[in-house]
Amino acid sequence: MNTLRSLEWLRPVLFLLALLVAWQLAVFLHPHQLMPGPWKTAHGIADLFPHGLIARYVVASVFRVTWGFFLAVLVAIPLGLVIGWCQRFELAVNPILQILRPISPLAWIPIAILWFGVGDMAAIFLIFIGCFLPLLLAVIDAVRAVPAVYINAGRNFGLKPVALMRRVLYPAIVPRLMTGLRITLGIAWLVVVAAEMIAVNSGLGFLIVDARNAGNRYDLVVAGMVIIGVVGLLLDYGVRSLERTSSLRWGFEEKR
Amino acid sequence: MIRASADSFTGDAMPRASAAGKLRVENLGVAFQREGATLPVLDDVNLSVRDGEFVCLLGPSGCGKSTLLNAMAGFLQPTSGQVLVDGEVVRGPDPRRIFVFQERGVFPWLTVAGNIGFGLGKLSREERAKRVQHYVQMVGLQGFEKSYPHELSGGMKQRVEVARALAVNPDVLFLDEPFGALDSITRMVMRSELLRIWEAERKTILFVTHDIDEAVQLADRVVVISARPGRIQQIVDVDLQHPRDISSPRYLKLRDGILSQIGLAHRI
Ligand SMILES: Nc1ncnc2c1ncn2[C@@H]1O[C@H](COP(=O)(O)OP(=O)(O)OP(=O)(O)O)[C@@H](O)[C@H]1O
Ligand SMILES: [Mg+2]
C-alpha cells in the first residue's frame, strides 16, 4: 500500500525526467540549430534572476492581468445577472454577444493601440476584452440554470428584484461562477503574453520577443515560456484554493 | 361545489359554521398552451377554506393539484375565475402566505439559522436571533443552527423549510407533497410534528398529497379532485379528534369511502 502510493507520486516526476532527457538528446544529436536544450534553458533562467528583470516582468504581467480581470469581473457579474434575469433583455443582446464571441481578443490589438497607445492601458484593455465575454456568458448561463424554487421562494418572502438578485440569484450562481472565473483567469494569462509581444515594452511576453529580436537568445525565449507556465499554474492554484474556502463551498459539496 | 351526498359516510359530520372564509377559490379555471393546443387542467373549481382550517387536496397524479396550489399562492395567474384571501384578490406571492416546497427549497448557501431568518430582514438583529431560536426549537433542530443544508438529512431540511415559513408568521401555509421525498418512518414523524405545530400556531394549511392515509390522518377536510381536467369530485369532512386512532372503525370507514370514491376500493 505504502509503496504503491509513493510510486504514484514518482510517476509524473519520472516522466518529466524522461522528457528532459529526450529533449537534451535531440538537441545533442542536432548541434547546428538554435533551439536550446533543458540545460541551456536552466542557465537562461539563472541568467535572468540576478538582474531583477524577471521579477519586474512577472510583476508587470500579473499587474495587467489583475486589472483587466477585475474590471471584467466587476462589469460582467452584475450585467450577467440582469441579462440572465430579464428574458427580453437577453433576446435583444444575444445576437450581438454571439457575433462578438468568435472574435479573438488578439484581433483587438490594433484598436487597443489606436485608443490607448503602446502601454499598460492597451494591455489591460485587451485582457478585459478577453475576459469579459466568456465571463458574461458564463454568468448568463448560470442564472438560467438557477432552480425556479429558489426564485419562487425569494419572491414569496417579498423580495423585490434588486434584493432578489443580491440575496438569491447571486449566491445561487456562485459555484458555477467559480468555474467561470477559473477558466477566465486562464484566458487572461494567455492574452497578456500575446498583448505584451506587441503593445508594451515590459512583461513576460515582451521578454520573449525581445530575447529573439536582440540576438536570437532562444535560451531566454524558452526560459520565458517556462516562467509563464509556472506563474499560470500558481494563478490557477490561487483560484482553486478560493473555491475551497468554506463560504463558497456549498455547490461543490452537493455534487458529490 | 360538489358536497358529499346525504347518504355518504360523512353523514354524522358536525355542522360547520361557513362564514365568509379565509381563502376562497371562485370558478377557477387554468388551461396551459402546449404545442398550439389548449390543455385544460382545472375546470370551475370552487372552494372555501376557513381560518385555521387544515385542508388536504387529494387526487391522482397530473390532476392539477400543484397547479391549484400555485394559483392559490399567487405564483400562477388563473385563466378564469379568481382566488381571494380575506376578501382580497390574489395577484402574486405574498409573505402572508408562504409556499413550502419539498426540501429542495432550502437555500444551500445559508446555514440553518440563515435559512430560518431569511424572511426576517426587517427585524433588528436581536429580535431576529430570538425568532430564529424559537423556531429552531419548535422544529427540533437545536445544535444544528450553524450547519449547512448539505450536512442535514432530508427530514431535517424539510423542518428547516417549515421553520423558515413559520418564522415570518404567515396566515396561510401551502404545502405541496412536503413529505413525498422522505422515507415512511420520517414521514410519520413529520406528520405528527406538523399537527403539533398547527395546533400551536393555528395557521390555515392547504396540503397537497396523493396519499389517502396521509390526508385522512391530517385534514379537517379532504378535497378529492378528479383526473384531468381537475374538478372537485367530493369534499369529505374528517370528524375525528387528534390524535387520531388509525385503526378505529370511523377512520377506516372514511378512508375506504375516499378509496371507493377514487375507484380503487379493495383492489390491492
Ligand atoms: N407550466 C406548464 N405548462 C404546461 N403544462 C403544464 C404546466 N404545469 C403543469 N402542466 C400540466 O398540467 C397538468 C397538471 O399538473 P400538476 O403539476 O398540477 O399535477 P399534480 O396533480 O400536481 O400531479 P402530481 O401528483 O404528479 O404532482 C399535467 O398534465 C401537466 O403536464
Ligand atoms: Mg404536483
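The values are calculated or read from the model by the stated rules, or taken from the named source; none is laboratory data. Model, not experiment: these values are computed from the prediction. With ideal geometry, Cβ positions are generated from the backbone for all residues, glycine too; neighbour counts draw on all protein chains shown. With ligands, DNA and RNA removed, areas are computed over all heavy atoms of the protein, side chains included. Shrake-Rupley method; radii C 1.70, N 1.55, O 1.52, S 1.80 Å.
For this structure, a couple of remarks:
- All positions within segment B:87-134 that are small (Gly, Ala, Ser), closer than 30 Å to B:Ser48 by Cβ, within 14 Å of chain A (Cβ to nearest Cβ) and in a loop (DSSP other than H, G, I, E, B): B:Gly92, B:Gly119
- Top-ranked residue in segment A:118-150 [being open to solvent by less than 30 Å² (accessible area, probe 1.4 Å) and within 13 Å of another protein chain (Cβ to nearest Cβ); ranked as farthest from A:Val75 (Cα to Cα)]: A:Val149
- Checking A:Gln87 against (1) surrounded by 14 or more Cβ atoms within 10 Å (Cβ to Cβ); (2) more than 14 Å from chain B (Cβ to nearest Cβ), the condition it does not meet: (1)
Table: residues versus (1) more than 22 Å from A:Val149 (Cα to Cα); (2) among the aliphatic types (A, V, I, L, M); (3) open to solvent by 30 Å² or more (accessible area, probe 1.4 Å); (4) over 12 Å from the mean Cα position of the chain (by Cα).
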site: B:Leu166; (1), (2), (3), (4): no, yes, no, yes
site: B:Phe174; (1), (2), (3), (4): no, no, no, no
site: B:Ile185; (1), (2), (3), (4): yes, yes, yes, yes
site: B:Met190; (1), (2), (3), (4): no, yes, no, yes
site: B:Leu206; (1), (2), (3), (4): no, yes, no, no
site: B:Arg228; (1), (2), (3), (4): yes, no, yes, yes
site: B:Leu240; (1), (2), (3), (4): yes, yes, yes, yes
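- Any chance B:Phe101 is within 13 Å of ligand 1 (Cβ to nearest atom) and over 19 Å from B:Ala31 (Cβ atoms): yes
- Unique match (being charged (D, E, K, R), open to solvent by 10 Å² or more (accessible area, probe 1.4 Å), within 22 Å of B:Lys130 (Cβ to Cβ) and out of contact with any strand residue (DSSP E or B) (no Cβ under 9 Å at 6 or more places or on another chain)) among B:Lys157, B:Lys146: B:Lys146
- Residue in segment A:25-44 that is of a type in the set (A, V, I, L, M, F, W, C), exposed (fewer than 15 other Cβ atoms within 10 Å of the Cβ) and not in a helix (DSSP H, G or I) present: yes
- Residue among A:Val13, A:Val59 that alone is of a type in the set (A, V, I, L, M) and surrounded by 10 or more Cβ atoms within 10 Å (Cβ to Cβ): A:Val59
- Helices (runs of 4 or more DSSP H) completely within segment A:59-165 that count 1 or more residues being touching a Ser or Thr at 6+ places or on another chain (Cβ under 9 Å): A:120-144
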